[in-house]
Amino acid sequence: MGIGDYLERIFGGTAEEYAQRAGKAMLEGERLFVVTANPEILMHAQQNPKVRELLLSKEAEIVPDGISVVKAMRIFGLPAQERITGVDLAEKLLKMAGEKGKTLFLLGAKEEVVSALAKQLRDRYPTATVHYRNGYGKDKDADFEEIAALAPDLTLVALGAPAQDLLIYRHIHRFSKGVFVGVGGSFDVLSGSKRRAPAFFVKTNTEWLYRIAREPSRLGRFWNNNVKFLAEVKRAAGKRS
Ligand code: UDP
């Protein structure tokens with residue numbers, strides 16, 4: 001099993017198409033688990049059999065979270081329209097769920113971040129029911145007991161990859177309906193605690209540059225997850241052809 005096997009499973013359409021697809025699943029009461037795959041999780045799969053299993057599982061749908069993942073798909077000759085970030089998908093699904101008065105569960109981020117986001121959503125969508133838990137409880141599997149009892153229409157898990165995705169994967173079989181998405185640092189941005197890159201960086205796929213400039217400690221992570229990742233992808237693609 002190589003990197004190409006995961007890349008083949010990643011959705012190659014637009015962000016709007018995918019949001020519509022996931023929104024429809026939510027409104028029709030289907031069960032859907034979405035992995036917003038960044039290079040980090042694809043690299044983890046090389047060493048961690050559980051992550052590998054998750055990425056190859058029929059249970060999970062995968063979208064390309066980051067321009068490096070889009071580039072990797074293209075290197076393998078796969079169609080890839082654009083990146084589909086956790087924060088964009090989360091925003092669109094929250095709007096759809098909120099406007100339809102659905103039940104939401106937010107798991108992850110610091111207490112002040114997730115409680116602020118829950119409050120904003122309750123104010124904006126008074127007919128929706130919004131539950132939340134911060135991401136620093138000792139036993140996150142126990143948090144899923146609560147989620148299982150509520151059976152929400154939309155559950156966003158913001159703990160960072162791959163922990164958030166492995167957690168959803170351990171529990172997804174318990175649900176007969178509901179959309180579950182691992183959304184990384186999205187709550188920090190959606191709550192307004194952290195500023196997203198200005199539109200120029202988002203449009204030109206250089207959001208990573210903005211993040212490194214603001215948080216230089218991200219440089220090491222960037223190097224491992226993007227430069228090393230694309231080198232690995234090229235090697236794997238060369239072996240295949
Ligand atoms: N986080 C959490 N519990 C933890 C570790 C992290 O809730 O034990 C949250 C953290 O507050 C942040 C998110 O997980 O909101 C991860 O953000 P990061 O930007 O590192 O993730 P990325 O989007 O890069 O995967």
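The values are calculated or read from the model by the stated rules, or taken from the named source; none is laboratory data. Here the structure is a predicted model, which means the values were calculated and not measured. Note: ideal-geometry Cβ built from the backbone for every residue, glycine included; neighbour counts use all protein chains shown. For the accessible areas, the whole protein counts, side chains as well, though only heavy atoms, and no ligand, DNA or RNA atoms are used. Shrake-Rupley method; radii C 1.70, N 1.55, O 1.52, S 1.80 Å.
Annotations
- Residue in the stretch 43-50 that is out of contact with any Asp or Glu (no Cβ under 9 Å at 6 or more places or on another chain), under 20 Å from Leu156 (Cβ atoms) and not small (Gly, Ala, Ser) present: no
- Extreme residue, nearest to the chain's Cα centre (by Cα), among residues of the stretch 97-128 that are more than 11 Å from the ligand (Cβ to nearest atom) and basic (Lys, Arg): Lys102
- Test: residue in the stretch 68-87 that is under 19 Å from Arg9 (Cα atoms), of a type in the set (Lys, Arg) and touching a Lys or Arg at 6+ places or on another chain (Cβ under 6 Å): no
- Selected residue (criterion: farthest from the ligand (Cβ to nearest atom)) from residues of the stretch 129-187 that are free of Cβ contacts under 8 Å to residues at least 60 places away in the same chain and polar (S, T, N, Q): Thr129
- Failed item in (1) under 19 Å from Thr85 (Cα atoms); (2) open to solvent by 30 Å² or more (accessible area, probe 1.4 Å), with Ala151 passing the rest: (1)
- Taking the criterion of being in a helix (DSSP H, G or I), aliphatic (A, V, I, L, M) and within 17 Å of Ile41 (Cβ to Cβ), the residues of the stretch 56-81 that qualify are Leu56, Ile67, Val69, Val70, Ala72, Met73.
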